Amino acid sequence: MKILMVCLGNICRSPLAEGILKSKVNPKTVIVDSAGTGAWHSGQLPDKRSIAIAKKYNIDITDQRARIFTPEDFITFDKIYVMDKSNYVNVCRLAPSNEYIDKVELILNESNPGKDLEVPDPYYGGDQGFENVYQMLDEVCEQINNKIKNASL
């Protein structure tokens, strides 16, 4: 299974989601990557605050580099998790056809089905925002991992 995490710049939320899910899944059967809908940070490391919060929980995300989401990602990945409604719209606009849109889901719908909750962007906030985002993503990634183990994803 191949899973892609998507946020705006691919430096805060989606790198954390990638790192957290990678720490939970079997790397021989699940590939996790991340991307952004904007190219401002392409090639850059995740935000230093994302790196720090991941490190606090023994997850190293310093091997990641920001990249932009492309239409080819619909073909490469089985599931595409977006962090907010804006990401959802931007990703779906790039779908080669409507059938690919079924791969896209707001990530928090895994833990709060049908509520369309968003992972807040912590970029302009303080360190507590990164802690809050980490906790949200850790919880939902645990549920995603359980679904993968039970082959219901």
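Report, in whole Å, the centroid distance computed from the Cα atoms of segment 1-20 and segment 97-153.
Taking the Cα centre of segment 97-153 as reference, the centre of segment 1-20 is 10 Å away.
Step through the table entries K115/K147; K24/K149; K22/K115; K79/K149; K48/K149; K22/K56, compare each Cα-Cα distance with 22 Å, and write down the pairs that go over it.
Result: K22/K115; K48/K149 exceed 22 Å.
From the backbone phi of segment 93-109, what are the Karplus-calculated ³J(HN,Hα) couplings (6.51 cos²θ - 1.76 cosθ + 1.60, θ = phi - 60°) in whole Hz, Gly and Pro given as x?
Result, rounded to whole Hz: 4, 8, 4, x, 7, 4, 4, 6, 4, 4, 6, 9, 8, 5, 4, 6, 5.
Of the options T62, N90, S34, report the single residue whose Cα projects farthest towards the positive end of the charge dipole of segment 1-113 (beta-carbon charges: Lys, Arg +1; Asp, Glu -1).
Most positive-ward Cα: T62.
Please list, in order along segment 6-14, the HN-Hα scalar couplings obtained from phi with the Karplus expression 6.51 cos²θ - 1.76 cosθ + 1.60 (θ = phi - 60°), rounded to whole Hz, x for Gly and Pro.
10, 9, 6, x, 6, 10, 10, 6, 5
Need the full-extension length gain, L45 to C92, defined as separation in residues times 0.36 nm minus the C-alpha distance. One decimal, nm.
That pair, L45 and C92, stretches by 14.4 nm at full extension.
Order of 125-133, 8-16 by packing, highest average Cβ count within 10 Å first?
8-16, 125-133
Where the only charges are on Cβ atoms (+1 Lys, Arg; -1 Asp, Glu), what is the dipole of the chain about its Cα centre, to the nearest 20 debye?
Roughly 300 debye for the chain.
On average, how much accessible surface per residue is there in the chain, in Å², for a 1.4 Å probe, leaving out ligands, DNA and RNA?
Value returned for the chain: 50 Å² of accessible area per residue.
Of G114, V104, F130, which is farthest towards the positive pole of segment 3-153's charge dipole, taken about the Cα centre with +1 and -1 on the beta-carbons of Lys, Arg and Asp, Glu respectively?
Positive-most Cα among the choices belongs to F130.
The values are calculated or read from the model by the stated rules, or taken from the named source; none is laboratory data. Source: prediction; values computed, not measured. So basically every Cβ, Gly included, is an ideal-geometry build from the backbone, and we count neighbours across all protein chains shown. Ligands, DNA and RNA are excluded from the accessible area calculation, which covers all protein heavy atoms including side chains. Shrake-Rupley method; radii C 1.70, N 1.55, O 1.52, S 1.80 Å.
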